[in-house]
1. Kindly establish whether residue 82 is within 25 Å of residue 121 (Cα to Cα), more than 13 Å from the chain's Cα centre (by Cα) and either open to solvent by 50 Å² or more (accessible area, probe 1.4 Å) or in contact (Cβ under 8 Å) with a residue 12 or more places away in the chain (or both).
2. Can you tell me which residue in segment 122-143 is most open to solvent (accessible area, probe 1.4 Å), limited to those that are in a strand (DSSP E or B) and touching a residue at least 60 places away in the same chain (Cβ under 8 Å)?
3. Identify, from the list 34, 6, 17, 64, the residue that is within 23 Å of residue 141 (Cα to Cα) and modelled with pLDDT of 95 or more.
4. Which members of segment 39-49 meet the condition of being surrounded by fewer than 18 Cβ atoms within 10 Å (Cβ to Cβ) and within 19 Å of residue 103 (Cα to Cα)?
5. Among the numbered criteria (1) within 21 Å of residue 20 (Cβ to Cβ); (2) assigned to a loop (DSSP other than H, G, I, E, B); (3) in contact (Cβ under 8 Å) with a residue 24 or more places away in the chain, which single criterion is violated by residue 71?
6. Could you list, in sequence order, the residues of segment 90-121 that are in a loop (DSSP other than H, G, I, E, B), within 23 Å of residue 7 (Cβ to Cβ) and either open to solvent by less than 40 Å² (accessible area, probe 1.4 Å) or of a type in the set (S, T, N, Q) (or both)?
7. Restricting attention to segment 1-30, which residues are assigned to a strand (DSSP E or B) and either free of Cβ contacts under 8 Å to residues at least 12 places away in the same chain or open to solvent by 50 Å² or more (accessible area, probe 1.4 Å) (or both)?
8. Suppose we filter segment 48-66 for residues that are in a helix (DSSP H, G or I) and of a type in the set (Gly, Ala, Ser); how many remain?
Amino acid sequence: MSIKQLSIFVENRAGRLAEITSAIAASGIDIHALSIADTTNFGILRLIVDKPDEAEKALKAAGLTVSLTDVIAIGIPNTPGGFAVAARALADASVTIEYMYAFISPEQGRAWVILRVDDNDKATVALQEHDIEILGEDKVYRL
């Protein structure tokens with residue numbers, strides 16, 4: 001089970017992030033989570049939004065380079081070692097984590113983590129075998 005993440009190419013210049021988020025806001029789309037990885041001249045902005053297909057269209061209409069990527073969202077206990085169980089499950093299944101980021105869960109005592117892995121199906125099986133909650137669109141898009 002996966003959800004869709006937007007990946008947007010962002011030039012490193014003043015105001016660019018404001019332009020991107022304004023285009024999203026003007027389309028009535030809510031940002032639930034974000035991460036940005038940058039280099040000297042550009043960055044990749046990754047977003048989880050409530051309406052990913054609509055957001056992709058709006059951003060492309062604004063002239064941005066954007067793509068949709070399938071990622072896995074998991075819910076873990078917000079306690080020491082909560083993520084270690086998930087990381088171990090993936091490592092034992094020989095699944096590589098390409099990148100990850102976390103965001104606030106509306107559930108008390110839980111953390112939500114977005115994972116980009118090299119094999120979503122294999123990762124989902126490994127996580128479920130360790131009783132790690134896989135979050136679907138119904139939860140993540142409706143925060």
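The values are calculated or read from the model by the stated rules, or taken from the named source; none is laboratory data. These numbers were taken from a predicted model, which means no experiment stands behind them. Using ideal geometry, Cβ is built from the backbone for each residue, glycine included, and neighbour counts are taken over all protein chains shown. To get the accessible areas, we keep the full protein, side chains included, count just its heavy atoms, and leave off ligands, DNA and RNA. Shrake-Rupley method; radii C 1.70, N 1.55, O 1.52, S 1.80 Å.
1. Taking the combined requirement at face value, the residue satisfies it.
2. The selected residue is 134.
3. Every option except 6 fails the conditions.
4. Listed by number, the list holds a single entry, 44.
5. Every listed condition holds for residue 71 apart from (2).
6. Once the filter is applied, which keeps residues that are in a loop (DSSP other than H, G, I, E, B), within 23 Å of residue 7 (Cβ to Cβ) and either open to solvent by less than 40 Å² (accessible area, probe 1.4 Å) or of a type in the set (S, T, N, Q) (or both), segment 90-121 yields 95, 96, 105.
7. Passing the criteria: 4, 9, 11.
8. Of the residues in that region, 3 qualify.
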